[in-house]
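The values are calculated or read from the model by the stated rules, or taken from the named source; none is laboratory data. Because the structure is predicted, anything quoted here is derived from the model rather than measured. Cβ sites come from the backbone with ideal geometry, for glycine too, and all protein chains shown count toward neighbours. Only protein heavy atoms, including side chains, enter the accessible area calculation; ligands, DNA and RNA are left aside. Shrake-Rupley method; radii C 1.70, N 1.55, O 1.52, S 1.80 Å.
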Amino acid sequence: MQSNPLLGRIAWNTLIALLYLFLLAPIIVVFIISFDTRQYLAFPPESFSFGSYVKVFQNVKFISAFWRSLVIGAIVGFVAVSAGMLLSLSLVRYQFRGKAAVGFLILAPFLVPHIVLAVGIMLVIAPLGLLDSYPGIVLAHLGITIPYTVRTITMSLMAVDTRVEEAALVHGASPRMVFWRITLPLVRPGLIAGGVIAFLISFDEATISLFIVSVKASTLPTEIYHYLEYSTDPQIAALSVILILISVAVVMMVEKLIGLRKAL
Amino acid sequence: MADHHVVIDNLVKTYPGAQKPSVDHVSFSLPRGEMLALLGPSGCGKTTILRMIAGLIAPTSGAIRLEGRDVSSIAVYKRNLGMVFQAYALFPHMTVAQNVSFGLEMRKVSRAEREERVRKALDLVKLTGLGDRKVNQLSGGQQQRAAIARSLVIEPELLLLDEPLSNLDAKLRDEMRDEIRDIQARTGVTAIFVTHDQDEALSMADRLAVMSAGRLEQVGTPREIFDRPQTEFVASFIGAGTFFEGRVAEPGLAVVEGLKPLRFVGEAPVGSMVKLMIRPHRLVLAGSSGLPNSFTGTVEHIVYRGQMLTLNVRCGGRLLQADLPTHAGVLPEKGSEVTLAVAPQDVTLVGQVAP
Amino acid sequence: MSAAALPAAGASSANASRGVLLMLLLPGLVALVITFLLPLIWLFRASFASSTMGAFSGGDWTVQSYSAVLFDPFYWRVAWNTLVLGFNVAIFAVILSYPIALFLVRTESRFRGVLTALAVAPLLTSSVVRTYGWMVILGDRGVINSTLQSLSLTGGVIRLTNNSFGATVALIEILMPYAILAMLSGFGRLNPQLEEAAAMLGANRVKVFTRIILPLSAPGVLTAALLVFVLAISSFVTPRLMGGGRVFVLGTEVFNEATVTLNWPLAAALSVMLLILFSSIILLYQRALRALET
Ligand SMILES: Nc1ncnc2c1ncn2[C@@H]1O[C@H](COP(=O)(O)OP(=O)(O)OP(=O)(O)O)[C@@H](O)[C@H]1O
Ligand SMILES: [Mg+2]
């Protein structure tokens, strides 16, 4: 290590580059293979075409699952953000007995394996007849997304100078107006970041979803999972690329709004 | 006091869980158009009083009256006050004009009138043409002005300023001092401002209310506060001075240990112990003054300050501080013996000492 | 007081009105109770119920699911597989993540933000998608096999999927971003000046690494290892797809009992056992962390 600093540096940088390659390998490979059109999985692609993409768009199952995932993700995002906003307000702005317990309850889903939660949620909503339904899957995704929205919104809320809100109050804004005109706009980055993360978690979530939905409310990840049990053709690659692009858009949005590292 | 514009009546605030009140039976009042400075060391309760007047916190007891009307039951946003916060608290997501316009919007003022009044307010604080700037594109002084414009545009009943100058650098502070004074005079708004800077208070306010540890020590004009402090705290907090303790031997004459008897002006029963104070600049070289009170001692320390010479004179076992004008003829040197004198009316009675 | 009682009134609202507070807390807490607390309680209850297809009867308490698991050597093997998978994945994910995290902490590159995002962003891509990527790479006609064959390095196909090797490799990569993230937060105490100081005191680079960098980064590494381990032992999508039904771990068995066999009490019992495993490891971790810090 101490022989030649230049050589050491090159070796170190090469190592880092290789590790990054490993980390991003599946995404890169999926991208390449998505331009293949054979019925089976093989590498390298023998053609370059958008055939697989066309097939995806003609696949009724995938398209309808895509829309369902989109709707479910949007509802989950909205509800998680609303609940998260209220919870964050109470945690940041109020002192009350049991606050620590509430804080723990909010963070606890981070600590429990998703598969365990999945079985529990399945057991709870099955007797209610909510298995394989929109309300069921939305509920199932709320528990795991609210911690994230609370985190991003709490961060934004703590950064809001309460003097600014007081200034608005003194200058004639009712508490309701202060909320809509001052507090809400100031925490907007946290709201949006929390919302898109919640959306994305719901949109990408497979573990819990697989326990909750089967046919009627199947989401895109569950459809892909079931498809992959039998076939691995490049259609999935094309679909994956679309999913990845959505993730990239979300990542860039979150990074811009509050910084990715703080949000995760 | 009844016809006063703003009346603070026996205000008390004890924060939940606190042992003793942060504001303890404070009363003062302001006639319309007056600028009053709330002065006191850090933590004495100035901000607390201001926030109670604004309605941001509720008093434990006591009343606040505007135009004779008790405002305790009026919500903060209906009191029609203006407030300039220490760090300005401008709305960071709005432009300067939107900030200034905010209070008018809340009052449902028509758009045309709003624009007109915002423009006038910006002119008043010399921010003409900066209305479209984002708040973070303003300098500290400009933010200060924007905050003042935001408070004044609603034509408030009362303007509250919490340490409005503490975030500015020294030069800007002097400039804004005059500026705020000038704006207040032109608008005629009644104003209370908080500060712990005595120069600021003395130069800006019509009257001062000096506080210590939650209690009001003295209210008066800058002259009264400076020349006739009624308590030892006020005397020592504002301006420098040398303090003496003595027993009143006859009306207006106190015997101080190690010194010649001191003549002073003020009422104190014969035989009581009193606290007296002499401001450094009231002392003169005794030579030709013919004043009754004189002190002879050795110059221990000299600081040359341009127009002033500050002497520390050891006299009867204590140090006496004196500021002499540098044009006062032959000046004493370190180690030399001097005799200083002071007029009886400049020996201020600042309090009685409990026996 | 009117204003102080309302949410927007600022930090002064210590004596908040109960009503408003309740309004703020209720929706979120109800959601969390329904989607988190209740499920855990139900899970526990169900694990002690007698088995019926696709349901569990509330009336009786029995330990039959637990005894079914504990007396069946198959589940012992499954538990063992799970632990092995967890350890392998944790160790390799940490080893491979460590240089990246170290690099990201110390680099002065202006691409640092982008590189950090690139390292943790895979977290936000579906694990199904990334598992598929590994199927493409490790599959019989995948990247590795076709490359080896075109170079004529091997005659036949090397089996890299449908076994625990594939599951392990894919999980390592899928969980690496968590490890990197944990290390980035844990490396706060690493500070180039310390290294420089050590170097000036005559430590060579190996010494600087073993005496300064490694001890200071140990808590972050430990956290990362724990996180990856617990995520690995509770995973099922990747082991299921990469294992092609031939890899049996707790996750796949839970899924199997819950959705195929429909023996819910058994699925619940397995989940409870997973949770116990999980909690004991977290407790161990806290012990270890405390030991490291003293
Ligand atoms: N929200 C609060 N809760 C409890 N005690 C408080 C609170 N706000 C202020 N205090 C206490 O009340 C006293 C007066 O505080 P206040 O802020 O009014 O002082 P101040 O005169 O404005 O001081 P400064 O010049 O430092 O701003 C202090 O002892 C302070 O610790
Ligand atoms: Mg203050």
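Here are the numbers for the structure shown:
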| read-out | value |
| --- | --- |
| Buried solvent-accessible surface, both chains (A, C), 1.4 Å probe, Å² to nearest 100 | 8000 |
| Accessible area of the protein assembly as shown belonging to carbon and sulfur atoms, whole % at 1.4 Å probe | 62 |
| Exposure rank, largest accessible area first [B:24, B:182, A:36; 1.4 Å] | B:182, B:24, A:36 |
| Helical mean residue ellipticity (222 nm; -39500 (n - 2.57) per DSSP H run of 4+; nearest 500) of chain C | -21000 deg cm²/dmol |
| Rg/Rg_globular for the range B:1-96, with Rg_globular taken as 2.2 N^0.38 Å and Rg from C-alpha atoms | 1.15 |
| Heavy-atom accessible area, 1.4 Å probe, ligands and nucleic acids excluded: residues of the range A:165-201 down by at least 30 Å² from chain alone | A:166, A:167, A:169, A:170, A:171, A:172, A:175, A:181, A:182, A:186 |
| Interface residues, the range A:126-151 - accessible area loss of 30 Å² or more versus chain alone, probe 1.4 Å | A:139, A:143, A:146 |
| Members of the range C:137-165 that become less accessible by 20 Å² or more once partner protein chains are added (1.4 angstrom probe, chain alone as reference) | C:137, C:141, C:143, C:146 |
| Count of Lys pairs (Cα-Cα under 21 Å; at least 8 positions apart or interchain) in chain B | 8 |
| In degrees, nearest ten, helix A:60-93 long axis to first principal axis of chain A (Cα) | 30 |
| Rg(Cα) / (2.2 N^0.38 Å) computed for the range B:6-233, rounded to two decimals | 1.01 |
| Helix A:134-159 axis, angle to chain A major axis (alpha carbon atoms, nearest 10°) | 60 |
| Gyration tensor verdict on the protein assembly as shown (Cα atoms; rounded if a/c is under 1.5, prolate if a/b is larger than b/c, oblate otherwise) | prolate |
| Centroid-to-centroid separation of the range B:290-351 and the range A:127-179 [C-alpha atoms, Å] | 68 |
| Separation between Cα centres of the range C:143-214 and the range B:146-193, rounded to whole Å | 61 |
| Per residue, in Å², the accessible surface of the protein assembly as shown once ligands and nucleic acids are set aside, probe 1.4 Å | 43 |
| Using alpha-carbon coordinates, inclination of helix A:99-111 to the longest axis of chain A, degrees | 0 |
| Among B:266, B:240, B:345 - extreme Cα towards positive end, dipole of the range B:240-353, charges at beta-carbon | B:240 |
| Average Cα contact separation per residue, chain C, under 8 Å, 6 or more apart, as relative contact order % | 26 |
| Contact surface B-A: accessible area buried, both sides summed, square angstrom, 1.4 angstrom probe | 1800 |
| Charge sum, other residues only, whose C-beta stays under 15 Å from residue B:350's C-beta, Lys/Arg counted +1 and Asp/Glu -1 | -3 |
| Computed accessible area, residue B:308, all protein chains, 1.4 angstrom probe, square angstrom | 70 |
| Estimated dipole of the range B:6-233 in Debye, rounded to 20 [Cβ of Lys and Arg +1, of Asp and Glu -1, Cα centre] | 760 |
| Sparse-neighbourhood loop sites, trypsin sites (Lys or Arg not before Pro) in the range A:48-124 - DSSP loop, at most 10 other Cβ within 10 angstrom | A:97 |
| Shape of the range B:196-355, Cα gyration tensor, a/c cut at 1.5 | oblate |
| Convex hull volume of chain C per residue (C-alpha atoms, cubic angstrom) | 232 |
| Under the span-like rule (Cα at least 30 Å along the axis, Kyte-Doolittle mean at least -1.0), DSSP H helices of chain C | C:73-106, C:164-186, C:264-293 |
